[in-house]
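Just so it is clear, none of the values below were taken in a lab; they were calculated from the coordinates. Remember, it's a predicted structure, so these values are computed and weren't measured experimentally. We place every Cβ from the backbone using ideal geometry, glycine too, and count neighbours over all the protein chains shown.
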Amino acid sequence: AQPQQKQADQGSFDLGLENVEYGNVVTRFPPEPSGYLHIGHAKAALLNQHFARMYSGKLIVRFDDTNPTKEKEEFEESIKEDLRLLGIEGDVISHTSDHFQAIYELAIRLIKKGLAYADDTDQKTMRDERMKGIASKCRSQSIEENLRRFEEMRQATEFGQTCCLRAKMSVDNPNKAMRDPVIYRCNLTPHHRTGSAWKIYPTYDFCCPIVDSIEGVTHALRTTEYRDRNPQYEWFFPALEIRPVVIKDFSRMNFVYTLLSKRKLQWFVDTGLVSGWDDPRFPTVRGIRRRGMTVEALRQYVLMQGASQKNMLLEWDKIWSANKKVIDPIAPRHTALLKKELVPVTLSNGPKESYVKDTLRHKKHPEMGTKQTVFSSQLFVDQVDAAGFAVGEEITLMDWGNAVVEAIDGEGVVSNVVMRLHLEGDVKATKKKITWLGQDVHVHPAEALLVDYDYLITKKKLEEGDSVEEVLTPKTEYTDAAMVDSNVGMLPRGSTIQLERRGYYIIDKVAAESELGLITLIKIPDGKLSS
Ligand code: ATP
Ligand code: MG
Ligand code: MG
């Protein structure tokens, strides 16, 4: 209950930005093209879009492509598609690599001002010196020597490859992020956009302030784990003599029983424990959309949290119940019965011939139109319902009227029920509203598979050192074969419906798309259950 309490404390989204000039605000969302977007990225993207809109400004979507070892063109395409799914379109699309030349020139400027040096200290020693606050042997090298070494780095000579360029900020600042951070290093892997033009690449710490400044960003939103690096970010503006940018922190979004690290998600994909990056059990934008999350609910949820500074471990319930509020008024109502539990019902005074009638898809929203309902003397109901019937009991057949149970066959498991329609009966007076399906020679129910999922892991929050393998949920997919009303067979993929008395479902595959010829329906969590 604690995370929910925290959430409630956030209040509504009223956070603004400092130093704003209406119409001149520029924000940016800077994904690294090294994986698919997840719900945390969605928060960052939606927040940036929100501020850009709120102040009638501009949103830059910037591919932060400074590490050719991890990045791929393929991920850029998937990120663009994910952003489209989220309804986010950058006013400008850019790449950090567009600015490699400018960044390089600024590195030269820094060296010439005596504010950067090329260091050939080995990694281990460098780490050690940084921990202890000891100056590198290269720190007091001449500007000429630094320029010469940086040129060797650019050409990736044997010696050049042993060096990195460091900003001369501090040797022993208590904030270790300020201890002469690395700003350039060699990498011989070809870059997916600039090919082999560069053999040196600026680090995130160096690119970020520069590219933000060059691209006209006014407010850079970063997650709070970068807070130690804020002074470093700010150090570069006067040092490089470039226009400063305001930084604003917001908290990272984390969910219970959920992994967000790209590396761990990749592991699930590689082991085949999930079907891919769009698996409905995944917290990726694709995964949650496939499970029935709407962009509107996601947006509301993110904005409700606001630009809060607190790092939170969130429950899924709230976001799914926000989603339920969005889908409930627009989800048409349909009927499903579980195949393994079908019980035939005969209506002793039912219609001689079955007939088909148009009924409302959503009683409170007649504008949503009608569906075809089969009325007949031979029906099916669910075993769980039939098992609760008593002879003489009056029940309501939903969307039809009342009926009185006349006979029940079967010991323990009900094999047959006979009822007598009693349409004059008061539907408000009955306790049981039963779902049923009629039989007709022309209009047949459709065959479906109802799928529900559990969390991939059994631990609320993975700690440092926990191995994923040890906390795997043994079974995470549950399926039930079902018979659904014929209308469901006409709905396109992605349709959200409510199966009466079962909950909300999204059509993941229409019959023609599925191997078994079954409509695949994925259960959309509604925030009430723990799944
Ligand atoms: P990952 O750990 O999944 O690789 P990342 O931070 O390395 O994430 P980026 O592509 O660099 O991935 O992230 C783009 C933006 O999304 C950054 O501004 C980052 O701060 C933000 N972001 C990433 N994860 C979260 C999260 N869990 N909550 C909020 N914002 C996030
Ligand atoms: Mg990152
Ligand atoms: Mg990361």
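Here is how the numbers come out for the structure above:
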| read-out | value |
| --- | --- |
| Convex hull of Cα atoms in the stretch 139-208, direction-averaged projection (nm²) | 5.4 |
| Residue 336 long-range amide H proximity, modeled H, under 5 Å | 500 |
| 5 angstrom amide H check on residue 169, placed H, neighbours 5+ away | 180 |
| Ranked packing of 213-222, 25-34, 456-465, most packed first, by mean Cβ within 10 Å | 25-34, 213-222, 456-465 |
| Residues whose placed amide H lies under 5 Å from that of residue 200, excluding near-sequence neighbours | 187 |
| Residue (of 189, 376, 312) at the positive-pole extreme of the chain, dipole from beta-carbon charges | 312 |
| Compactness relative to 2.2 N^0.38 Å, alpha carbon Rg of the stretch 333-444 | 1.05 |
| Full-stretch length increase - residue 387, residue 357 - with 0.36 nm per residue and alpha-carbon distance subtracted | 7.9 nm |
| Estimated 222 nm signal from helices in the chain, with DSSP H stretches of n ≥ 4 weighted -39500 (n - 2.57), rounded to 500 | -7500 deg cm²/dmol |
| Cα-based Rg and Dmax for the stretch 47-99, where Dmax is the largest Cα-Cα distance (Å) | 12.3, 37 |
| Kirkwood Rh, Cα atoms: Rg over Rh of the stretch 281-346 | 1.17 |
| Computed label-point distance, nm, for sites residue 413 and residue 122 using a 7 Å Cα→Cβ extension | 7.2 |
| Intensity falloff of the stretch 17-254 expressed as log10 I(q)/I(0), Debye formula with alpha-carbon point scatterers, at q = 0.12, 0.15, 0.17 Å⁻¹ | -0.70, -1.07, -1.30 |
| Protection-proxy order for peptides 196-209, 36-49, each taking the mean of Cβ atoms within 10 Å per residue, highest first | 36-49, 196-209 |
| Share of alpha-carbon pairs per 10 Å distance bin for the chain, given as whole % | 3, 15, 21, 20, 15, 10, 7, 5, 3, 1, 0 |
| Karplus (6.51, -1.76, 1.60) ³J(HN,Hα), θ = phi - 60°, over the stretch 146-158, in Hz, Gly and Pro reported as x | 5, 5, 5, 5, 5, 5, 5, 4, 4, 7, 6, 5, 4 |
| Extension reserve of the residue 243-residue 104 stretch, reckoned as 0.36 nm per residue once the Cα distance is removed | 48.3 nm |
| Proximal lysines relative to residue 325, as straight alpha-carbon distance under 21 Å, when same-chain residues fewer than 8 apart are discounted | 43, 363, 364, 523, 528 |
| Under 20 Å from the Cα of residue 124 - lysines, other chains or at least 8 residues apart | 132, 137, 168, 176 |
| Gained length - residue 194 relative to residue 93, 0.36 nm times residue gap less alpha-carbon distance | 34.7 nm |
